[in-house]
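Here is the structure we will look at, set down as structure tokens.
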Amino acid sequence: MKNIRLDHVAVAVTNLEESLAFYKEQFGLDLIDIEVVEEQGVRVAKLNLGNTHLELLEPLSPDTPVGKFIAQRGSGLHHICMGVENIHTEIDNLKAHGTRLIDQTPRIGAGNCQIAFVHPKATGGVLMELSQPPQTDEMH
Ligand code: CO
């Protein structure tokens, strides 16, 4: 069977500290780290959710993708991320099927992962991220 997993679920929030306090205090989730990803215009808090992660995304400014998302729809589920072993193979496969992509080639995301987004119009209305961790050539 193909080695694919739920890497994270990302929620767009307006106030990272408030949302973080909520998930830490009321669900007892542990914060792994907070990272500013300038390229995507977000501050990301990564929380441990057992076998996956919950990411809270706070826009750095209103004119970023997440800022625009919140302006249009309010805070809420932003994307789901599938962890893959070879992102190039996945992208090639999607392209071969004519699937609408946001990223035609992988770029570097949080945690130095190679990431690419698939358009929600193609996935049933959910923004879908593919992510290949920095060292998937390692045995695990
Ligand atoms: Co993500």
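The values are calculated or read from the model by the stated rules, or taken from the named source; none is laboratory data. Since the structure is predicted, the reported quantities are computational estimates derived from the model, not experimental observations. We place every Cβ from the backbone using ideal geometry, glycine too, and count neighbours over all the protein chains shown.
Being among the charged types (D, E, K, R), outside any loop (DSSP other than H, G, I, E, B), in contact with a helix residue (DSSP H, G or I) (Cβ under 8 Å, 6 or more places away or on another chain) and farther than 15 Å from residue 11 by Cβ holds for only one residue in 58, 39, 35, and it is 35.
Just so you know, in segment 96-129 the residues that are charged (D, E, K, R) and surrounded by 15 or more Cβ atoms within 10 Å (Cβ to Cβ) include one that is nearest to the ligand (Cβ to nearest atom), and it is 129.
Just checking, does segment 17-31 include any residue being under 26 Å from residue 106 (Cβ atoms), without any contact (Cβ under 8 Å) to a residue 60 or more places away in the chain and outside any loop (DSSP other than H, G, I, E, B)? Scanning segment 17-31, I find no residue that is under 26 Å from residue 106 (Cβ atoms), without any contact (Cβ under 8 Å) to a residue 60 or more places away in the chain and outside any loop (DSSP other than H, G, I, E, B), so the answer is no.
Taking only pairs six or more apart or across chains, which ones have beta-carbon atoms under 7 Å, a first residue in segment 73-99 that is over 18 Å from residue 113 (Cβ atoms) and hydroxyl-bearing (Ser, Thr, Tyr), and a second residue that is modelled with pLDDT under 95 and buried (at least 18 other Cβ atoms within 10 Å of the Cβ)? The qualifying pairs do not exist here.
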